[in-house]
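Below is one structure, written out as structure tokens, with a few remarks after it.
The values are calculated or read from the model by the stated rules, or taken from the named source; none is laboratory data. Remember, predicted model here, so these are calculated numbers, not experimental data. All Cβ positions, even for glycine, are placed from backbone atoms using ideal geometry, and neighbour counts span all protein chains on display.
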Amino acid sequence: MALALSEPGCPSGLAPAQERETQRADPAAFVRRDASGHDTLELMVQGAKCAGCIRKIESGLLALPGVTDARLNLSTSRLCVAWSPGALPPSAIIDALTRMGYGAAAFDPAAAIRRVDEEGRKLLRYLAVAGFAAMNIMMFSVPVWSGDGEMGEGTRTLLHWISALIAIPAALYAAQPFFRSAWKALRARRANMDVPISLAVFLTLGISIAETLQQGEHAYFDGITMLLFFLLIGRYLDHRLREQARTAARDLLALQSVTASRIEPDGRVVAIGAGEIGAGDRLILAAGDRAPVDGVVVEGVSDLDRSMLTGETIPQAVRVGDPIHAGVINLSQRLIVRATARAQDSSVAELARLIEAGEQGRARFVRLAEKAAALYVPVVHSLALATFLGWMFGPSLLRIAGFDFADVGLRVALMNAVAVLIITCPCALGLAVPAVQVVATGRLFKRGVLVKSGDALERLAQVDVAVFDKTGTLTLGKPRLVSTVDPAVLQAAASLARVSRHPLSRALVEAAGPGAAVKDARERPGEGIEAGRMRLGRRSFAAPACDDAADGAAELWFSNGEAPPVRFAFVDTLRVDAKPAVAALRARGIAVELISGDRPIAVEAAAREAGIEHWSGGASPSDKTARLAALRAEGKKPLMIGDGLNDAAALAAAYASASPGTALEASQAASDIVLQGANLMPLVEAIDVAKMARARALENLRFSALYNVVAAPLAAAGFLTPLIAALAMSGSSLVVTLNALRLQLRWSRT
Amino acid sequence: MNVMIVLIPIALFMAAVGLAAFFWSLRSGQYEDLEGAAHRVLIPDDDDVPS
């Protein structure tokens, strides 16, 4: 154990040691002072998996001078650290975690407000009360059922009264979520599943009290509390699913939140959160930083990576006076930028309008459970009404027809109508879909696929076309050298390239392997690198005499004195499993398309390598949206996979959408599922699971329907007793839940 | 049957204690990190001196 604890990463080997990541956000901006006067910081920890990790991280941090508290929440991977003010710089905490082999990033508390899940707690409280009532009433109901014939009327009525004393307050309390939802629906002149539930609660309580008052035999106090118990389980599962997805999505975005270095009027530089930037602030944008807001360059010359905005892989040079858009990454030199807009007003926000327009189309999607409810409500209501009318007026009608029938009276007619409402109450229906979705999203979550809502799974199961974006989605957005050149020339060029952060230079260095950088190299932003007689960079800079190769590939030219200049061509690297993922999608009958804002020639190369036949390049954001609209007009159900801002509108317009974890905030917000990690295969897995989940949900709904078809006529005919109702309800709920768990079984076998 | 007068309140009282205990555990945040709680059992306390 001691040995394992001294090695970096998870001591159980459940997760590899995390590599040092360049943490862009300065944690100092996120430190908060708590009530007891300590400075606190919340961090997201990557790679913590087991008890050893908890111990290592907590004891390792408590050993730092001044740290008073460190607590890791393993379920959410959040770490809360408190220390005496001024005892250590916040960055020391991240350094310590990095030394231990864990990835760490500070949270922007504003972006990841630790909201206690009030709604969930309330539901749990209702659930506990309903469960308490159901079990205790059962304690009185079982003797009544089993003592049939032997138990005196007085004892039975006493037990009924005790049941009533528990059931009435408990049911009125625990049924509140149903009452509220039913009331809201009724006021909007609609009927949802909660209307028959609320009606059943009131009618059953009323009729059972009336029975008890008349010292009758049947009271449904046990039935109604058990019904609420099962329904609340379904409600709680549904709620937890949404809450979990929402929290996970928020955490993911909070990790991306950037800080900025603002130059104060007195010349000091302070770290602030992106949300605090005002128009007119002067900000330092170091090489490697992402611009948090729109602005104008006031000092410096550099190159910008705009691939997140446009899909374009070739960097763009900027000088003083050029505008900068939020989301671009500064590549080579330090820039000083004057902000022209606040973060929430920056060009990112302008896309929100497009996204909203797309999402309106998606709001029309009707969930399976809603479809079932739309069928169910009128049928059940008319059946209950027919039962009541039948028992009430049936006998007299039969007498008119000449048969000899005695009236059964209002009491029996009402009892039977209520029995129909109770037995058809959607316990199984309410559990049918949430139970399946909780199992499915739980498993996907463990595989690094974040499903943002239950209906996302339902939509994902039905897609028949997959439309990929190229840069950053199908590819890593990282260029790779493809030209074959003399190794000596490559080494010479790499010695220049080592001084630059330009993506092409880095790709060249990667191809050349380790080596020394040339001493007196000078980088000229937007042009290239120069050292002595050697030049590496644009054609116009390094080899003005040579002709354009005209193949459109990203390129670097290298010249060394009189020797003929050499050209290095680069292509964007595909994700490792892009090709198998495309093939796997095809094998499932899903057509694959590629649509990108990059130059057609680069798009074609990527399409050919990934095995995609349909592709188009140079597409603007509205071209992408138009393509998706065209697919939907053809009756197809397209799945859009993209990461950039230029994809956000298309993601919102698609039938279902996915984005990698590296995608920008706006794109993730518009996506149904987010894939963490560098691979595309989890997407295929997500589609498989979604299909299985849909099959299970449909089975459950069919079973619930079958159950009602058998049980409802029995109840209408007056054969139902409280005992049968209790058995039928718990039995059907159990079947539905077990069927949902089958999803997990089937999966672990494959 | 007179024994029921005693037994029923006892049974209900015990159930009510269980319910109250659940509410307490809910309020004191014991459901916030179920996974971590499962693992923390395995961590030895530092002040446990092995004999």
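Just a few scattered comments:
- Scanning the range A:43-52 for residues that are away from chain B (no Cβ under 14 Å) and either under 14 Å from residue A:92 (Cα atoms) or outside any strand (DSSP E or B) (or both) gives A:43, A:47.
- Residue selected from the range A:675-715 under the condition in the same structural domain as residue A:610 (by TED's automatic domain parsing) and acidic (Asp, Glu), by the criterion surrounded by the fewest Cβ atoms within 10 Å (Cβ to Cβ): A:688
Listed here are the residues, each with its yes/no results for (1) surrounded by 15 or more Cβ atoms within 10 Å (Cβ to Cβ); (2) part of a helix (DSSP H, G or I); (3) outside the structural domain of residue A:704 (by TED's automatic domain parsing).
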| residue | (1), (2), (3) |
| --- | --- |
| A:186 | no, yes, yes |
| A:191 | yes, no, yes |
| A:224 | yes, yes, yes |
| A:235 | yes, yes, yes |
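- Qualifying residue in the range A:144-163 (condition: surrounded by 23 or more Cβ atoms within 10 Å (Cβ to Cβ) and within 28 Å of residue A:376 (Cα to Cα)): no
- Residue A:519 at negative phi and at pLDDT below 80: yes
- Being assigned to a loop (DSSP other than H, G, I, E, B), more than 40 Å from the chain's Cα centre (by Cα) and outside the structural domain of residue A:675 (by TED's automatic domain parsing) is a property that holds for residue A:485.
- Looking only at the range A:116-163, residues that are acidic (Asp, Glu) and within 12 Å of chain B (Cβ to nearest Cβ) come to 3 in all.
Each row is one residue, and each column tells you yes or no for (1) at pLDDT below 80; (2) in the same structural domain as residue A:316 (by TED's automatic domain parsing); (3) closer than 20 Å to residue A:642 by Cβ.
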site	(1), (2), (3)
A:407	yes, no, no
A:433	no, no, no
A:444	no, no, yes
A:464	no, no, yes
A:501	yes, no, no
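- Against the conditions (1) under 17 Å from residue A:234 (Cβ atoms); (2) touching a residue at least 40 places away in the same chain (Cβ under 8 Å); (3) out of contact with any helix residue (DSSP H, G or I) (no Cβ under 6 Å at 6 or more places or on another chain), residue A:196 satisfies every one except (3).
- Residue, nearest to the chain's Cα centre (by Cα), within the range A:145-202, restricted to residues that are aromatic (Phe, Trp, Tyr) and over 18 Å from residue A:415 (Cβ atoms): A:178
- Restricting attention to the range B:4-33, the residues that are more than 9 Å from chain A (Cβ to nearest Cβ), over 23 Å from residue A:137 (Cβ atoms) and in a helix (DSSP H, G or I) add up to 2.
- Criterion (basic (Lys, Arg) and touching a Gly at 6+ places or on another chain (Cβ under 7 Å)) met by exactly one of A:636, A:579, A:624: A:579
- Wholly within the range A:602-674, strands (runs of 3 or more DSSP E) carrying at least 3 residues that are surrounded by fewer than 24 Cβ atoms within 10 Å (Cβ to Cβ), in contact with a Lys or Arg (Cβ under 9 Å, 6 or more places away or on another chain) and in contact (Cβ under 8 Å) with a residue 24 or more places away in the chain: none
- Residues of the range A:58-89 satisfying the condition of being part of a strand (DSSP E or B), more than 14 Å from every other protein chain (Cβ to nearest Cβ) and not aromatic (Phe, Trp, Tyr): A:67, A:68, A:69, A:81, A:82
- In the range A:504-524 there is no residue matching the filter, namely being outside any helix (DSSP H, G or I), among the small types (Gly, Ala, Ser) and crowded, with 21+ Cβ neighbours inside 10 Å.
- Annotation note: of A:395, A:479, the sole residue that is over 22 Å from the mean Cα position of the chain (by Cα) and either outside any helix (DSSP H, G or I) or of a type in the set (Ser, Thr, Tyr) (or both) is A:479.
- Residues of the range A:58-86 satisfying the condition of being without any contact (Cβ under 8 Å) to a residue 60 or more places away in the chain, in contact with a Phe, Trp or Tyr (Cβ under 9 Å, 6 or more places away or on another chain) and of a type in the set (D, E, K, R): A:69
- Which listed residue, of A:55, A:121, is assigned to a helix (DSSP H, G or I), out of contact with any His (no Cβ under 7 Å at 6 or more places or on another chain), without any contact (Cβ under 8 Å) to a residue 40 or more places away in the chain and basic (Lys, Arg): A:121
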